[in-house]
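Structure record follows, encoded as structure tokens.
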Ligand code: HPA
């Protein structure tokens, strides 16, 4: 399936698009409030793209305070027909070492207290959407094919655990997530994926592992170590986005 306008939601380490030629910037207010940032519009490899900085630009909105519903509504109102989310995550599974890029296929949601549905009986009447496969398989395969086209190794699967943040986890919490079958841990994957499904917009994620999750290395987790991985890693994420848009 061809997409006409792909939206990118950038996370930690990707607060601005550098590849595309920016043609406009939209300061929107939705019926459910303000998105995290203005939405940039542009063209990248001859494709229309939208870009939204999930934590704002500069990076300031914590994961539990992001207005995920406004972000999704803003992208929909600008015509997004697919969304690629970029997420910095901790690695739980031994295959998810720092620097690895994973295209997750499943989610477990441990977040709480977030506005996590449009079908709340106020904004829209109650409804129960299917989320058996939380990520759009067609879009996932497109990312995987693009990665192989530029000889970029990626993990083609991964179970993403969405935690509340902004603090990182304890060792016991990570052990629990591992027992639950989770491979990656981040703070922003939900409710974003579910809200995209509620709007009927195909959604997939590029996860960059930026640290071993708590207890998966000998030391503690430092922001310095995360930043060091982010710098090189996000350049590879940009390359993957560019190739995905080129296809
Ligand atoms: N846990 C939760 N979220 C994260 C982590 C982590 O270890 N690293 C980056 N985002």
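What follows draws every value from the coordinates through simple rules; no lab data is involved. The structure presented is a predicted model; accordingly, all values stated were derived computationally and were not measured.
List of remarks:
- Distribution of pairwise C-alpha distances over region 79-122, 10 Å bins, in %: 16, 38, 32, 12, 1
- For region 68-192, averaging the sequence separation of C-alpha pairs within contact (under 8 Å, six or more residues apart) and dividing by the residue count gives a relative contact order of 41 percent.
- Computed over the alpha carbons of the chain, Rg followed by Dmax gives 16.8, 49 Å.
- The Cα center of region 4-28 and the Cα center of region 181-232 differ in position by 19 Å.
- Given their separation in residues at 0.36 nm each and the Cα-Cα distance between them, residue 64 and residue 2 gain 19.0 nm when the chain is fully extended.
- Cα-based convex hull, region 7-88, per residue volume (Å³, whole number): 85
- Average 1/r across all pairs of distinct alpha carbons in region 97-225, invert it, and you get the Kirkwood radius: 15.9 Å.
- In the chain, helical runs assigned H by DSSP with n ≥ 4 each contribute -39500 (n - 2.57); averaged across all residues and rounded to the nearest 500, the mean residue ellipticity at 222 nm is -8000 deg cm²/dmol.
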